[in-house]
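Notes to accompany the following structure.
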Amino acid sequence: MTIESAPSDCVETPPAPIGLARLAKMAFDGTDLAPLWDQLSARALAVPPDPVALMDLSTVAQLTGRRDDRLTLQMRALSLQRVYRQPAGGADGIRILA
């Protein structure tokens, strides 16, 4: 019995969110998050909506003290897509010391 996998060009990798670490650094460094909010909102309101943008909007809402907005955005994002990936930092990925 053999198991065949789909050709690599047919496999879609899920989009990666900006993530809490980068967004928190931007917020704590005093970066104006309004332009980013506008960009993410445009992607979230597109047809079809971008669940990754919704998840990032949820994180920005939490960082700016809008808990109820965060929960609503996060629920919407999770209703569209349950799995989100966060790529390893750096070009070489994770390095393990042995």
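The values are calculated or read from the model by the stated rules, or taken from the named source; none is laboratory data. None of the values given here were measured: they were computed from a predicted structure. Because the Cβ atoms are built from the backbone with ideal geometry, glycine has one as well, and the counts that use them run over all protein chains shown. For accessibility, only protein heavy atoms count, side chains too; no ligands or nucleic acids. Shrake-Rupley method; radii C 1.70, N 1.55, O 1.52, S 1.80 Å.
Of all residues in region 1-33, those satisfying the criterion of being loosely packed, with under 10 Cβ neighbours inside 10 Å and at pLDDT 65 or above are Glu12, Thr13, Phe28, Asp29, Gly30, Asp32.
Residues in region 39-69 that are of a type in the set (Lys, Arg) and closer than 20 Å to Pro15 by Cα: Arg43 alone. When region 45-63 is filtered for residues that are in contact with a helix residue (DSSP H, G or I) (Cβ under 7 Å, 6 or more places away or on another chain) and β-branched (Val, Ile, Thr), the ones remaining, listed by number, are Thr59, Val60. How about region 38-53: which of its residues are closer than 13 Å to Ile18 by Cβ and either open to solvent by 60 Å² or more (accessible area, probe 1.4 Å) or part of a loop (DSSP other than H, G, I, E, B) (or both)? Of everything in region 38-53, those that are closer than 13 Å to Ile18 by Cβ and either open to solvent by 60 Å² or more (accessible area, probe 1.4 Å) or part of a loop (DSSP other than H, G, I, E, B) (or both) turn out to be Gln39, Arg43, Asp50.
Using the structure shown, decide if Asp56 is buried (at least 19 other Cβ atoms within 10 Å of the Cβ) and part of a helix (DSSP H, G or I). When the stated conditions are applied, Asp56 passes them.
Of all residues in region 59-85, those satisfying the criterion of being in contact (Cβ under 8 Å) with a residue 40 or more places away in the chain and either assigned to a helix (DSSP H, G or I) or more than 15 Å from Ala44 (Cα to Cα) (or both) are Thr59, Leu63, Val83, Tyr84, Arg85.
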